[in-house]
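What follows is a short report on a single structure.
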Amino acid sequence: MSFNLFDAEEKTLEQAEILRAGLTDQPESIRTGINDLVDAFSRSVREQRRLVRVSDRLQAQLATVNQELARRRAEAETALGDLQAAQDSLIQSEKLASLGALVGGIAHEINTPVGIALSCASHLADSTAGLRKLFEADNIGIEDFERYLATATDTTTLILSNCERAAALIRSFKQVAVDRASSERRRFDLGDYVRETLASLGPHLRQAGHTVKVECPAGLILDSYPGALSQVLSNFVMNSLIHGFDSGQTGTLSILIDQPTPQWVRLIYADNGKGVPESDLSRIFDPFFTTRRGSGGSGLGLHIVYNLVTGPLGGSVSVEKAANGRGVAFTVTLPLSSEI
Ligand SMILES: Nc1ncnc2c1ncn2[C@@H]1O[C@H](COP(=O)(O)OP(=O)(O)OP(=O)(O)O)[C@@H](O)[C@H]1O
Ligand SMILES: [Mg+2]
């Protein structure tokens, strides 16, 4: 049953009409007055009906808008979900790609020393077979023997040095796969630990004659993996010694530690050496990026640093653009407890 909003008004109007009809014997002025009143009242009722219709229409429109909003919101939520899924799979494929690059790189890097060792060994085997033939034919001369000795000395030296290089590469590859379980987790005083690590690098530092500065608030306790931290610092320091300064040139290495928020510490490692060209900055954490290929660099040091800081230490690391074109600065941010 539809409810008539204007029931009361209609009844009043009906009564007014009855009243008007019964006024025939009244004076003209009263009849006109009542007529005007009845007309005004019926106009007002018409106007009210119109307003109610407008309001109904508005309500209907509002409901449509609400529905549309709910639909768009659902669409946005789906899109966000899709985006998150895409992001996850991107991270996954990025990881796979970098793993692929790493494996490819390992094969490439190991290939050179192993290849050299192999060809030296086969050369040595050929020479030995030749010498044996001469010996069995009882035709060996002193010059043959001297030549063989020279070949044997050269090839074994090359075999040894290349096998050592391959072994060193394998050692550093092993460090790339950061093994959380193998390193011990404990509480330690950050400032003390940084100084101990530097002391263990003392011989290298003293030899080069650099000045080392450490600033750390006293009593800053970290619950983390000290072994990983010391590996990070060693890589920074060795890089400064190897890449930052020419031999004979001295400089300053500094480690400044502060605590920007209650749960996080910031460690800024810097040297005032040659620095890294801006074009290389974005690549220095990549595996195998080195400017010293062929003279001992494998380009894994900073990649290991990156894995250790973002892995077991639970923090982040970035390299800064040198403010005055001098030296390098790395910022490492670490949580006080590596599992927050
Ligand atoms: N303190 C520094 N001063 C100047 N250049 C640096 C410094 N630290 C790193 N670099 C640059 O970054 C590159 C990458 O460093 P990274 O430690 O990853 O490899 P590497 O030292 O060349 O080899 P590895 O550490 O495996 O022996 C270096 O080859 C060098 O060009
Ligand atoms: Mg290095």
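The values are calculated or read from the model by the stated rules, or taken from the named source; none is laboratory data. None of these values were measured; they are calculated from a predicted model. Cβ atoms come from the backbone with ideal geometry, glycine included; neighbour counts cover every protein chain shown. With ligands, DNA and RNA removed, areas are computed over all heavy atoms of the protein, side chains included. Shrake-Rupley method; radii C 1.70, N 1.55, O 1.52, S 1.80 Å.
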With charges set only on the Cβ (+1 for Lys and Arg, -1 for Asp and Glu), what does the dipole of the range 188-282 come to about its Cα centre, in debye to the nearest 20?
180
Over the chain, relative contact order from alpha-carbon pairs under 8 Å, at least 6 apart, %
13
Candidate aspartates and glutamates for bridging to Lys274, where Cα separation is under 15 Å - those fewer than 8 sequence places away on the same chain excluded
Asp246, Glu320
Mind checking which aspartates and glutamates have their Cα closer than 20 Å to the Cα of Lys133? Skip sequence neighbours fewer than 8 apart in that chain.
Glu143, Asp144, Glu146
Report the one residue of Gly100, Ile268, Leu69 whose Cα lies farthest in the direction of the positive end of the charge dipole of the chain (charges on C-beta: Lys and Arg +1, Asp and Glu -1; origin at the Cα centre).
Ile268
I'd like the carbon and sulfur percentage of the solvent accessible area for the range 3-71, probe radius 1.4 Å, heavy atoms only, ligands and nucleic acids excluded.
59
At what distance in nm do the modelled label points of Ser89 and Ala101 sit from each other, each positioned 7 Å from its Cα along Cα→Cβ?
2.2
Of Thr261, Thr252, Thr78, the most mobile residue in a GNM of the chain (C-alpha springs, cutoff 10 Å) is Thr78
If each DSSP helix of 4+ residues adds -39,500 (n - 2.57) and the sum is divided by the residues in the chain, what number results at 222 nm, nearest 500 deg cm²/dmol?
-21500 deg cm²/dmol
Out of Ile34, Ala167, His243, whose Cα points farthest toward the positive end of the dipole of the chain (charges: +1 Lys, Arg; -1 Asp, Glu; placed on Cβ)?
His243
Considering the options Ala208, Leu229, Gln259, tell which one lies farthest towards the positive end of the dipole of the range 186-340, charges being +1 on Lys and Arg and -1 on Asp and Glu at the Cβ, about the Cα centre.
Ala208
About its Cα centre, how strong a charge dipole does the chain have in debye, to the nearest 20, once Lys and Arg get +1 and Asp and Glu get -1 at the Cβ?
420
Among the aspartates and glutamates, which have Cα under 16 Å from the Cα of Lys213 when same-chain residues fewer than 8 positions away are ignored?
Asp192, Glu196, Asp258, Asp271
Result for the chain: accessible area per residue, probe 1.4 angstrom, in square angstrom, of 63
Quick one: if the Förster radius is 30 Å, what FRET efficiency do Glu47 and Leu69 give, using the C-beta to C-beta distance and rounding to 0.05?
0.40
Ordered by packing density, taken as the mean number of other Cβ atoms within 10 Å over each peptide's residues, highest first, how do 301-308, 126-133, 233-240, 253-260 rank?
301-308, 233-240, 253-260, 126-133
To the nearest 10 degrees, how steep is helix 301-310 against the longest Cα principal axis of the chain, on a 0 to 90 scale?
40
Here the percent of antiparallel bridges among DSSP beta bridges lying wholly in the chain, to the nearest 5, is 80
Quick check: the angle from helix 226-239's long axis to the longest principal axis of the chain, C-alpha only, nearest 10 degrees?
70
Quick one: angle between helix 142-176 and the longest Cα principal axis of the chain, in degrees between 0 and 90, rounded to 10, please.
20
State the extension gain, in nm to one decimal, for the chain segment bounded by Glu143 and Arg20, taking 0.36 nm per residue of separation less the distance between their alpha-carbons.
29.3 nm
